[in-house]
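Colleague: Sharing a structure below in structure tokens format, with a few things to ask.
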Amino acid sequence: MTDLDKGYSGNGGDGPRPEVRSMPFFPGPTGQAQATPPPTGAPPAAPPLVPPQVAGGRHSQQREAEGRITIDDEVIEKIATLAALEVTGVATLAGRIEPGEDGRLGAAPGDRGVRIHPHDNAVSLDLAVIVEYGSVIMEVAKVVQSNVARVVALMLGMRVTAVNVSVEDVQMPAENRAQGLAPA
């Protein structure tokens, strides 16, 4: 049984560190466990970042279409939110919850705990997070920074110039709140 099979993160550091939860589409840095190893025992090949037919170049059969591509600010906010929530130790993002037009609860645009600042082909982000009690806040914040920057850059194809993380609160982990347990 390898270290990865035993559940070790393989991050090489001493002691436990916050980790990114499930990431089905964007595997993290090398050394993290893969969900399904190939049957031959060979190391899994990383998926290409850009499919060959989209990559362009002289050998591509695809022609680039004329037109404009726009990405709504709410899409960028949602990507950053989901990337932050993947990190172990993040309870939620800070933001005011209000009923929407359809009656469902949700945060108003721009008040979801994420603010974006687009610049040409780059973006910077401000995140306000609530961390679970018992987590090492600085470690969680660093993992949030790197995961949000990586996922936003991959999904948008834009340069991420900064990810500013503000820890707004600490709360009990969800499983302890559901059982009514207090910290030991």
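Computed from the coordinates by the stated procedures, all read-outs in this text should not be read as laboratory data. The structure displayed is predicted, hence computed values, not measured ones. Here Cβ is always computed from backbone atoms with ideal geometry, including for glycine, and neighbour counts include all displayed protein chains.
Colleague: Pull out the extension gain between His119 and Gln171, defined as 0.36 nm times the separation in residues minus the alpha carbon to alpha carbon distance; nm, one decimal.
Modeller: Using 0.36 nm per residue and subtracting the Cα-Cα distance, I get 15.3 nm.
Colleague: As a footprinting exposure proxy, order Glu132, Glu139, Glu74, Glu66 by other Cβ within 10 Å, with the fewest listed first.
Modeller: Glu66, Glu74, Glu139, Glu132
Colleague: By how many nm would the segment from Lys142 to Glu74 grow when fully extended, if each residue of separation counts as 0.36 nm and the alpha-carbon distance is taken off?
Modeller: Fully extending the segment from Lys142 to Glu74 adds 22.1 nm.
Colleague: Same structure, new question: May I ask you to sort Asp169, Asp73 by Cβ crowding, counting other Cβ atoms within 10 Å and putting the fewest first?
Modeller: Fewest-to-most ranking of Asp169, Asp73: Asp169, Asp73.
Colleague: Going by amide H atoms built from the backbone, whose H comes under 5 Å of the H on Ala91, apart from near neighbours?
Modeller: Ile130, Val131, Glu132
Colleague: Still on this structure: What is the local net charge at Ala149, summed over the other residues whose Cβ is closer than 12 Å to its Cβ (Lys, Arg +1; Asp, Glu -1)?
Modeller: Net of charged neighbours comes to +3.
Colleague: Hey, what do the phi angles of region 86-95 turn into as Karplus ³J(HN,Hα) couplings, whole Hz, using 6.51/-1.76/1.60 and θ = phi - 60°, x for Gly and Pro?
Modeller: For region 86-95, the Karplus curve yields 5, 7, 5, x, 8, 7, 6, 9, 6, x Hz.
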